[in-house]
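Every number in this text was worked out from the coordinates using simple rules, so none of it is lab data. Computed from a predicted structure; not experimentally measured. Here the Cβ positions follow ideal geometry from the backbone for every residue, glycine too, while neighbour counts run over all protein chains shown.
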Amino acid sequence: MIRVANGQGFWGDWLEAPVRLVEQGPIDYLTLDYLAEVTMAVLEKQRQRNPELGYAADFPPLMERLAPKLKQKGIRVVTNAGGLNPRACAREVLRRAPGLKVAIVEGDAVTARIDEFLAKGYRLNHIDTGEPLDNVRGRILSANAYLGAFPLAQALTAGADVAISGRCADSALVLAPSIHAFGWSAGDWDLLAAGATAGHIVECGAQTTGGNSQVDWREIPDFDEIGYPIAEIDAGGTFAITKHAGTGGRVTADIVKEQLLYEIGDPRSYLTPDVIADFTNLHLADDGPDRVRITGAKGRERPSCLKLSINYAAGWKAIGTLVYTAPDAVAKAQAADRIVRRRLEKLGLRFDEIYTEYLGWNACHGNAAPAAWAVPEVQLRIGVRGQDRSAVERFTREMAPLVLSGPPGATGYGGEGRPKVREVIGNWAALLPREEIRPRVEVFE
Amino acid sequence: MKAPLSQIAHTRSGDKGDVVNIGVIAWRAADYPALVREVTTRRVFEFFEDRIAGPVERFEAPNLGALNFLLHGALGGGGTVSLRIDSQGKTFGAALLRMEIEIDE
């Protein structure tokens, strides 16, 4: 049996979580999942400013902080912190924690090969909408394939204390140690499905230990020291989800079900680069306090294609906000929205989209929200997006004047000043035959 | 008898690009047939009609007592393109709990 703990569910997650996983109980592997779809866009912006960046910058300082304990306890780290630049990430880890043996997985970056793929006849149409890549072709900033778990497993087998990947399937971080420890191989579809399913359940950190759960959040103990999830996986493909004793949060079958369904499509076909996992045969059972036992994982042969994540320049945007107060808070905010839109129109400015929301009234619950007249205060939130930066800049000057020249009772304009103009990076998902991708593992001695 | 969906189910929602997924899980296995009967793609589409383009897809996982919905064209482009406060669809699940359904007495 191996214990694989996940200490980050995204870049920006609780900094203390991985430290506590290492210190508060036994684990064999620490995984750190930093990459969401939006994270790749953020990393792309950072790399544009400095070619030595483009990885999860929280990671090297964390390794510096943890290195002595990792060595002492024999805990190995598996992460996608490499983002768009695993090599630079590894260099920084080695500079800060020279005692660690670091390996990287590369081969996911295919930005320079897009023309080659198109010439070979791969369409790279958008996975959801079917749109042709031509619509964004000239604006591509980066393209990465989602790698599977086998290259990371190879890094562990080569003796790495820290295995750093670029873009890989989130679940691969947990599947990799399982492959390494148990010698699973392509063809062991049920076993690979078990490892990938365990990975999926823990990839969002505390979301499987009581965080962001509707399973009576009032009753969940000690959110302030919530324990992050641990998957205890055995060679036969059964596993348990748990957390360290004495930590906050809770692990129950109901909570694990919420996470099992999180950000998936067809539960019969959870697609990963290494296996297609079927969630509809799983059996979840509470097995003592804060422990859920999971059996019945079934898998089918891995897909013939890998998913590509392509970032492209999609223009500029800005968000402006103002708060309106009762009486008639919503009506005032709606009047202010009309004023802004008329002014933008009279200035002749063109946008791809103008989108208005009323926070505190219906921004999140839409038609299910309560009657507008009952709302004591509301935040007007106007967003604009377009290809012309100067038009977006001009919009940022149109919110503050409303305080003196629009409906009464406006506030909340100070503090952060004018809205900021931000670059928009779009994400394009497409499929590519897997033979085109050759992952490489490199170990730094 | 009419009741909000929250009476028999809990939910979690998230994003993939411009698509929102909502997992709807019956608190008790005995209520799963009511979920299947009441929470249809059509009703979910109508519930979110003011903000999604559609279509809505539904998948069944009887072993979990759960349904999974995919709401296409739901986030104004998704990711960093979206202008919405909930650009990653985190609150769609909680919103759906207000949907009124017919439950067994």
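Springs between alpha-carbon pairs under 10 angstrom, Gaussian network model over chain A: which of A:Arg397, A:Arg96, A:Arg385 fluctuates most?
A:Arg397
Counting other beta carbons within 10 Å of each Cβ, put A:Asp28, A:Asp134 in order, fewest first.
By the 10 Å Cβ count, ascending, the order reads A:Asp134, A:Asp28.
Can you tell me the dipole magnitude for the range A:1-142 around its Cα centre, using point charges on the Cβ only (Lys, Arg +1; Asp, Glu -1), in Debye to the nearest 20?
600
Using a Förster distance of 41 angstrom, determine the FRET efficiency expected from the C-beta separation of A:Arg123 and A:Gln387, and round it to 0.05.
0.95
Taking a label point 7 Å from the Cα of A:Asp134 along the Cα→Cβ vector, which residues of the range A:294-334 have an amide N closer than 15 Å to it?
none
Can you tell me which of A:Val251, A:Val375, A:Val93 moves the most in a GNM of chain A? Springs connect C-alpha atoms under 10 Å apart.
Looking only at A:Val251, A:Val375, A:Val93, the biggest GNM fluctuation is shown by A:Val375.
Which of the three applies to the range A:61-197, rounded, prolate or oblate, going by the alpha-carbon gyration tensor with a ≥ b ≥ c and a/c under 1.5 meaning rounded?
oblate
At 222 nm, what helix-only mean residue ellipticity would chain A give, in deg cm²/dmol to the nearest 500, using -39500 (n - 2.57) for each DSSP H run of four or more?
Result for chain A, helices only: -8000 deg cm²/dmol.
Just how large is the dipole of chain B about the Cα centre, in debye to the nearest 20, putting +1 at every Lys and Arg Cβ and -1 at every Asp and Glu Cβ?
I would put it at about 240 debye.
Compute the length gained on full extension between A:Ala371 and A:Arg268: take 0.36 nm times their separation in residues and subtract their Cα-Cα distance, giving the result in nm to one decimal.
Length gained, A:Ala371 through A:Arg268: 33.0 nm.
Taking only complete DSSP H runs, can you tell me which helices of chain A stretch 18 Å or more along their own long axis by Cα positions and average at least 1.0 on the Kyte-Doolittle scale?
A:189-202
Using alpha carbons only, how many angstrom separate the centre of the range A:222-253 from the centre of the range A:23-71?
Taking the Cα centre of each part, the range A:222-253 and the range A:23-71 sit 22 Å apart.
If you take the beta carbon distance between A:Val19 and A:Ala335 as r and set R0 to 51 Å, what does 1/(1 + (r/R0)^6) give as a FRET efficiency, to the nearest 0.05?
The formula returns an efficiency of 0.50 here.
Springs between alpha-carbon pairs under 10 angstrom, Gaussian network model over chain A: which of A:Lys71, A:Lys243, A:Lys120 fluctuates most?
A:Lys120
If R0 is 56 Å, what FRET efficiency do you get for B:Arg43 and A:Arg49 from their C-beta distance, rounded to 0.05?
0.75
Would you order A:Ile75, B:Ile22 from fewest to most other beta-carbon atoms within 10 Å of each residue's own beta-carbon?
Taking fewest neighbouring Cβ atoms as first place, the list is A:Ile75, B:Ile22.
Tell me which lysines have Cα within less than 26 Å of A:Lys346's Cα, excluding those fewer than 8 residues away on the same chain?
Within the straight-line limit of under 26 Å, A:Lys346 reaches these lysines: A:Lys317, A:Lys332, A:Lys420.
What number, rounded to the nearest 500 deg cm²/dmol, is the helix-based mean residue ellipticity at 222 nm of chain B, given -39500 (n - 2.57) per DSSP H run of at least four residues and division by all its residues?
-4000 deg cm²/dmol
When a footprinting reagent is the concern and you count Cβ atoms within 10 Å, what order do A:Arg20, B:Arg51 take, fewest first?
A:Arg20, B:Arg51
For A:Thr111 and A:Phe444 in one chain, what is 0.36 nm times their gap in residues minus the Cα-Cα distance, to one decimal in nm?
Result: 117.4 nm gained on full extension.
Can you give the charge dipole size of the protein assembly as shown about its Cα centre, rounded to the nearest 20 debye, using +1 on the beta carbon of Lys and Arg and -1 on the beta carbon of Asp and Glu?
Here the protein assembly as shown has a charge dipole of around 1600 debye.
Considering only the other residues whose Cβ falls under 15 Å of the Cβ of B:Ser82, what net charge follows from Lys and Arg at +1 and Asp and Glu at -1?
That sum, taken over residues with Cβ under 15 Å, equals -1.
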